[in-house]
1. Got a sec? How would 191, 172 order by Cβ neighbour count within 10 Å, fewest to most?
2. Based only on Cα atoms, what Rg/Rh ratio does region 71-131 have, Rh being taken as Kirkwood's radius?
3. Taking 0.36 nm per residue of sequence separation and subtracting the Cα-Cα distance, how much length would be gained by fully extending the chain between residue 121 and residue 92, in nm to one decimal?
4. Going by average Cβ density within 10 Å per residue, which order do the peptides 78-86, 139-147, 174-182 take, highest to lowest?
5. Suppose each label sits 7 Å from its Cα in the direction of the beta carbon; what would the residue 99-residue 129 distance come out to in nanometres?
């Protein structure tokens with residue numbers, strides 16, 4: 001008799017791929033009776049869980065991509081500090097010289113400060129959006145490749161079902177049911193850092 005297919009309870013397109021500091025909304029693992037029915041068997045179901053977000057960022061490729069992204073973040077932070085310093089200098093000089101300026105000159109300086117302040121806020125917003133997009137792209141890339149690794153490991157372990165679950169979420173899962181470490185090890189072997197995706201371009 002051919003073995004029934006592995007069921008992976010997650011939609012890749014719906015998979016929440018946040019940075020490690022963020023907590024996704026609460027959820028609970030389905031009861032064993034539901035998982036058994038989902039597989040379509042009358043007997044016990046061999047079920048395991050994977051913390052997919054942790055697996056992604058813990059993989060060698062994930063660490064490499066986050067390090068590449070951190071270099072961009074550092075460069076943007078330095079640029080932001082320079083812009084903030086320039087704005088602070090303008091404001092300080094304006095406070096000192098304001099009383100000595102003509103009404104027209106004072107208005108021109110005030111407008112210059114306002115424009116630079118607006119530009120600074122836009123720079124911060126655009127930079128954050130760009131960083132978030134870059135992080136999401138490489139996490140999605142790894143997630144897509146990791147699905148195949150999860151299925152292979154599940155077959156090797158004789159599992160019927162693998163569900164994505166985050167330890168930060170509500171609910172309890174026996175830690176022995178998690179195969180996250182096994183997935184990370186298998187992924188690192190399948191996609192060594194030397195063959196990982198190219199660094200993110202600025």
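Laboratory data are not the source of any read-out in this text; all were calculated from the coordinates shown. Not measured: the values here are computed from a predicted model. Note that we place each Cβ from the backbone using ideal geometry, even for glycine, and neighbour counts take in every protein chain shown.
1. 172, 191
2. Computed over Cα atoms, the ratio is 1.12.
3. 8.6 nm
4. So the peptides 78-86, 139-147, 174-182, ranked by packing, come out 139-147, 174-182, 78-86.
5. Result for the modelled spin labels: 4.3 nm.
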